[in-house]
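Rule-based calculations on the coordinates, nothing more; no lab input. Here the structure is a predicted model, which is why all the values come from computation and not from measurement. Because the Cβ atoms are built from the backbone with ideal geometry, glycine has one as well, and the counts that use them run over all protein chains shown.
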Amino acid sequence: MSRVLTAVHCEGVRVDCLGNYLAGLGLLAAVSRRWPNVRGCWRRGHFVLVGESLNAEAVERFLLHEWKPSLYERWWKDAQETDKRTDRAIQSARGWEPDINRVRLLDCHVIGCGTKRRFNHVVGTGGNVGRRDLEGVFGKALKLVRAQPGRSVQSWLRNSLFAEPASLPALASAGTWFVYANERFNSGQMPSREKGWISPWAILLAMEGVRLLRGGVGRRMGSRARSYAVFPFLCDAPSPATEGEIKLTRAEFWAPVWKQPANCAELEALLERGLARLGDRAAKAPHEFALAARSAGVDSGVGTFARFSLRQTTSSQVFEAIPGESVRVAGKERTESDLLWPLIEWMRFLPEPPSSAKRASFRGLRGPIEVEIIRLAERPDDAERWRSLLLLLAVVQDRLDRNMASRDRSRPAAPRPVPLLDQEWFDKAWPVGPPEILVARAIASVGAGSNAPLFVNVVGADEDKWGKRKFPPSRPNRAVYHSGDPARALAGILERRLADAPERRLADAELLEGLPLGGTAPCMPGTIDAVLSGSIDLELVVRWLPAMVMLDWRSFESSPERSEAVSSAYFLHSLFRPLFHPGRIMLNGQALFREERLRGAPPARKAATARSILHLIRSGDWAQAVDAARGRYLAEGIRIITPPAEMDVDGERMAAALLIPMRSADVEAGFERWMTPRSGKAEREGN
């Protein structure tokens, strides 16, 4: 038999502030006394009641004439003040209390955990926030509702439920939950506005809803593990991003917002289990809550989290619930949390405690990263936020790299470089990459999959072929990256990689040195030509290079669009490129270099020749550089045409362009323009 359900939209109960959100919980709890099967949910930012034989007039009539708000009294106040260091007095008072409702009220304020007591920061320290006493606020609101004429009380109720205009009374000490009723200094002719205009019904319903935020004691497995206090969807304070934010935020409350109608029992079960999870552990820090929301690692039914930061704004004795942006819960498919997950474990090794309480220990490493991760969880489709996080990680990694304490092996948890990140980060940050970013990606992919990726030339750390990174005891000399002249920085990296080229011996051949210049993201001739001509900003390339080397380019496969190059600078570049190209170069069906013609021999070059030519290129001695290249090709039986006498090319830019990887086919096509035509007899003798 089908049932007809009606919906009552309460446009006045919204998630714009913590007090109104708690009022939504209290409204469901209150109405459930009259209609046990009533359900509630959040739609379009406001609360909706769903049930049989339900309408706005019936709800309003019940709250006005039948509902009796649950009494709010701090009956544990004496026990709390008797013993402020342990939880013995609180536990004793709780054990002797016969009224289960009073016990539950205590559990939503303070939990005894071992020998310490833990407060629910949503309700301050046991029901008071500095001079703001929640018991006093409740008494004033209840007195106003009972003492005022019926028409005023009804208008206040309709204002709270349906956002209808009304002349509201002044209520003090309600600014913790209702930020618009907070005391404001220097806001007018008077030095401050001490009282806020607020409906007493909003206070009463919020007091009813906060009773559902009961805490408990969690226990870990293990004989030495200690118990810990937990409150629904309450996480630790974020790490300070600046020195002025130290001890400014008490905690954060992530209010679950659900779209599917749920009754009061289901809501209590949701809040009772109210821990977001990351893998097999609870999410405690705000950025962990953000990732848990994006990865759907939360209790079922939650569609969005509304963030409220319990933060000091007017006084060090009080704090307010400042609303933040909402974080949507993702589906079961691969989400942004999978990309951000490696950062969670890495952040534990940062040389800064999760909550810096002293200015002496503040380093400003963890806090800015937490802020960027939360911003990214709020808008995961915003490419600018992905780029901002990448740049920030590169800055933090550089600070760790320059700090001697990061290389102290005696520390039990020494800092580590940023872990290898998935290459999908690039697609998130640049749906359509500009030429400078594509060049930075190509350079960062040099050496990917080897024991000497370009990462080791940018960061003073080690990386093995499996992608594990660590700081050695001393900063190695191969880390030559700097933020000075961009062309010189890239040329210096090329020179260092040639100097560190590993030696290897080929069967029946001389001792050769391989060229560690291969990359998985090669660029096309048109891009190389743009670098040589100066139309590509190398400053932007060098700026993004530390961020690009954090990504995993080992399995990257690119298919760049064809682009041609016709400038004289690229023509000269094509002469030197085969000597710096690690791949096999085939001309007329044969390998260009004799040692590569051996069966099974891998591509190899003499790095000594490349180093000497690079030195001539950087110094601008083009005649000597061309002669050295001609001599190397003559040794292979290949003659080249005579280049022009004068060449106006910047040597540092030419060296920087030689660091950018290219495809073997493009290198072959460019070098063929230098080869002199051969007669038929010579071709037959060559064959």
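May I ask you to order 34-41, 551-558 by the average number of other C-beta atoms within 10 Å around their residues, highest value first?
Most protected by this proxy first, the peptides run 34-41, 551-558.
Highest first, please rank the peptides 157-163, 51-57 by the mean number of other Cβ atoms sitting within 10 Å of their residues.
157-163, 51-57
Based on Cβ point charges of +1 for Lys and Arg and -1 for Asp and Glu, what charge dipole magnitude is obtained for the range 424-686 about its Cα centre, in debye rounded to the nearest 20?
Rounded to the nearest 20 debye, it is 740 debye.
Give me the distance in nm between label points sitting 7 Å out from Cα along the Cα-to-Cβ direction at Ala170 and Ser558, one decimal.
Result: 6.8 nm between the two label points.
Taking 0.36 nm per residue of sequence separation and subtracting the Cα-Cα distance, how much length would be gained by fully extending the chain between Val4 and Val395, in nm to one decimal? Write out the running numbers ahead of the final one.
Values: separation 391, 0.36 × 391 = 140.76 nm, distance 5.94 nm.
That pair, Val4 and Val395, stretches by 134.8 nm at full extension.
I need the semi-axes of the equivalent ellipsoid of the range 424-686: take the C-alpha gyration tensor, multiply each eigenvalue by 5, square-root it, list largest first in whole angstrom.
Equivalent ellipsoid semi-axes, largest first: 30, 22, 18 Å.
Round to a whole angstrom and tell me the spacing of the C-alpha centers of the range 1-72 and the range 132-159.
If we compute the Cα centre of each part, the gap is 18 Å.
Listed highest first by mean packing, meaning other Cβ atoms within 10 Å per residue, what order do 244-255, 307-318 come in?
Going by the mean number of other Cβ atoms within 10 Å, highest first, we get 244-255, 307-318.
Taking K and R as +1 and D and E as -1, what net charge do the other residues with C-beta under 13 Å from the C-beta of Leu64 add up to?
Computed value for this residue: +3.
Please go through the residue pairs Lys259/Lys284; Lys77/Lys143; Lys68/Lys140; Lys247/Lys284; Lys84/Lys116 and name each one whose alpha carbons sit more than 20 Å apart in this structure.
Flagged as over cut-off: Lys259/Lys284; Lys77/Lys143.
Put a dot 7 Å past each Cα toward the Cβ at Phe349 and Asn37; how far apart are the dots in nm?
In this crude label model, Asn37 to Phe349 measures out at 5.8 nm.
Check Gly40: other-chain or 5+ apart residues with amide H under 5 Å from its amide H, H built from backbone geometry?
Result for Gly40 returns Val50, Ala262, Asn263.
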